[in-house]
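Undergrad: Right, I'll just put the structure down here and ask away after.
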Amino acid sequence: MRLIWIAIAAVTAMLAGPALGQQWPARNVKLIVPYPAGGNVDSAARIVADKLQEKLGQPFVIENKAGAGGMIAGEAFAKSAPDGYTLFVGANGPVLFATEINKRDAYNWKKDFMPISTISMTPLVLEVHPSVQATTLKEFLDLARREPGKLTMASPGPGTTNHLLSELMQSSLGLQWVTAHYRGNAPAINDLLGGQVQFAFDQLTVSLQHIKAGLFRPLAVTSPHRLKSLPDVPTFAELGYKDFDGQTFTGLFAPAGTPAPIVEKLHETLVAILKDPAVIDKFEKLGGEATPTTPDEFKAYLEREDAKWIPVVRKANIRAD
């Protein structure tokens, strides 16, 4: 059925040509988001959806479809018709790692997803609940060494960048802690706020407001340089841990086989949105950076991330719960 849809889309594109792009969208467009409302990916999707609706004149409707590290959403998206009316706002875990950790060949981004553009890049922050007796990264690592297995980390799901950074740190530094997996950033952060877990690697998009309110204590960030929003928080690299870099991307995808005129119109519109100063400001306030790219640039980035992190997944033997 998937091949039939792709063939139909290809024929339609050849027959319709540029007129197809002019006619699209003629009705509601669905944006599938692989996490619950309130998290990093959902926030990015909603910023973009509002502007797409404004510029293209049709509703862009968010559908939150959480579960299996984003694979439920990814699989539903991969089976959708390549007609421009179902899009995917993905991130590292759902796009690159979910099928690997679930050991299911449900989809493959290289075959089933058509990258349109990255939307944003967001560094992560290692943050602790105020009850944790550590005010610096060194103190935190010393605590983890003294009491292996005592600390619990809140993860938004197996195979997310948050989880992979945690696994890489434990493996590289000989540390051990408990990982509690949640269905997305929002429920993970809720338990960190309540003190049920002690720390998290989390996207600033979600945590910046809590850090500013003094509810979390930030120890280090994964960005290559200090952040304007947290100028007093050092990077892992400046503290001597250069391997612990990593950012969460959010990106827009169409199903493979989507007609070129639709892809071109969607890309052109999205890039204009991401260059809008008001949109740039929204992402900065959330701790991220609006990051427009070409489809080829986005694809090359995904290939580099795939090569970097899949070995971590396999070495840590990460599996879905």
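The values are calculated or read from the model by the stated rules, or taken from the named source; none is laboratory data. This structure is a prediction, so every number in the text was calculated from the model and none was measured. Counting neighbours? That spans all protein chains shown, and the Cβs are built from the backbone with ideal geometry, glycine included. The protein model used for the area step is the full one, side chains on, heavy atoms only, and it has no ligands, DNA or RNA in it. Shrake-Rupley method; radii C 1.70, N 1.55, O 1.52, S 1.80 Å.
Undergrad: Contact list please: Cβ distance under 8 Å, first residue in the range 113-132 and in contact (Cβ under 8 Å) with a residue 24 or more places away in the chain and small (Gly, Ala, Ser), second residue assigned to a strand (DSSP E or B) and open to solvent by less than 10 Å² (accessible area, probe 1.4 Å), pairs at least six apart or on different chains.
TA: Ser117/Gly251; Ser117/Leu252; Ser120/Phe249; Ser120/Thr250
Undergrad: Let me ask another. Just for helices (runs of 4 or more DSSP H) wholly inside the range 96-207: which have at least 3 residues that are in contact with a strand residue (DSSP E or B) (Cβ under 7 Å, 6 or more places away or on another chain) and open to solvent by less than 20 Å² (accessible area, probe 1.4 Å)? Please lay out each step first, then the result.
TA: Numbers: elements: 98-102, 109-112, 137-146, 161-173, 185-194.
Counting at least 3 such residues, we get 161-173, 185-194.
Undergrad: Considering each residue of the range 270-321, count those that are assigned to a helix (DSSP H, G or I) and open to solvent by less than 20 Å² (accessible area, probe 1.4 Å), and give that number.
TA: Of the range 270-321, the ones assigned to a helix (DSSP H, G or I) are 270-274, 277-285, 295-315.
Then drop every residue that is not open to solvent by less than 20 Å² (accessible area, probe 1.4 Å), which leaves 270, 273-274, 279, 283, 298, 302, 309-310, 313.
Matching residues across the range 270-321 total 10.
Undergrad: Consider the range 73-86. How many of its residues are assigned to a helix (DSSP H, G or I) and either polar (S, T, N, Q) or crowded, with 19+ Cβ neighbours inside 10 Å (or both)? Spell out the reasoning first.
TA: Start the filter on the range 73-86 by keeping residues that are assigned to a helix (DSSP H, G or I), which leaves 73-78.
Applying the additional criterion that residues be either polar (S, T, N, Q) or crowded, with 19+ Cβ neighbours inside 10 Å (or both) yields 73-75, 77-78.
Total meeting the criteria: 5.
Undergrad: Restricting the search to the range 210-228, which residues are surrounded by 15 or more Cβ atoms within 10 Å (Cβ to Cβ) and within 20 Å of the chain's Cα centre (by Cα)?
TA: In the first step, residues of the range 210-228 are kept if they are surrounded by 15 or more Cβ atoms within 10 Å (Cβ to Cβ); the result is 210-211, 215-223, 227.
The answer is His210, Ala220, Val221, Thr222, Ser223, Leu227.
Undergrad: Can you tell me how many residues within the range 18-34 are at pLDDT below 90 and open to solvent by 80 Å² or more (accessible area, probe 1.4 Å)? Spell out the reasoning first.
TA: Initial filter on the range 18-34 (at pLDDT below 90): 18-22.
Now drop any that are not open to solvent by 80 Å² or more (accessible area, probe 1.4 Å), which leaves 18, 22.
Of the residues in that region, 2 qualify.
Undergrad: Using the structure shown, decide if Val132 is in contact with an Asp or Glu (Cβ under 8 Å, 6 or more places away or on another chain) and among the β-branched types (Val, Ile, Thr).
TA: Here the answer is no, as Val132 does not meet what is asked.
Undergrad: Turning to a different aspect of this structure: Consider Val95 carefully, then state whether it is touching a helix residue (DSSP H, G or I) at 6+ places or on another chain (Cβ under 6 Å), closer than 24 Å to Met121 by Cα, of a type in the set (Val, Ile, Thr) and modelled with pLDDT of 90 or more. Step through it out loud before you land on a result.
TA: Values: touching a helix residue (DSSP H, G or I) at 6+ places or on another chain (Cβ under 6 Å): yes; closer than 24 Å to Met121 by Cα: yes; of a type in the set (Val, Ile, Thr): yes; modelled with pLDDT of 90 or more: yes.
The answer is yes for Val95.
Undergrad: What number of residues within the range 208-246 satisfy the criterion of being polar (S, T, N, Q), outside any strand (DSSP E or B) and either in contact (Cβ under 8 Å) with a residue 40 or more places away in the chain or under 22 Å from Leu141 (Cβ atoms) (or both)?
TA: Going residue by residue through the range 208-246, those that are polar (S, T, N, Q) are 209, 222-223, 229, 235.
The next check asks that each one be outside any strand (DSSP E or B); those that pass are 209, 222-223, 229.
Filter once more, so that each one left must be either in contact (Cβ under 8 Å) with a residue 40 or more places away in the chain or under 22 Å from Leu141 (Cβ atoms) (or both): 222-223, 229.
Counting residues in the range 208-246 that are polar (S, T, N, Q), outside any strand (DSSP E or B) and either in contact (Cβ under 8 Å) with a residue 40 or more places away in the chain or under 22 Å from Leu141 (Cβ atoms) (or both) gives 3.
Undergrad: A follow-up question, please. Quick one: in the range 57-72, which of the residues that are in a helix (DSSP H, G or I) and open to solvent by 30 Å² or more (accessible area, probe 1.4 Å) is modelled with the lowest pLDDT? It would help to see each step written out before you state the result.
TA: Kept after step one, since they are in a helix (DSSP H, G or I), are these residues of the range 57-72: 68-72.
Imposing the further condition that a residue be open to solvent by 30 Å² or more (accessible area, probe 1.4 Å) reduces the set to 68, 72.
Working: Ala68: 82, Ile72: 94.
In this case the residue turns out to be Ala68.
Undergrad: Separate question: Looking at (1) open to solvent by less than 30 Å² (accessible area, probe 1.4 Å); (2) without any contact (Cβ under 8 Å) to a residue 12 or more places away in the chain, which is the one condition that is false for Pro259?
TA: The failed condition is (2).
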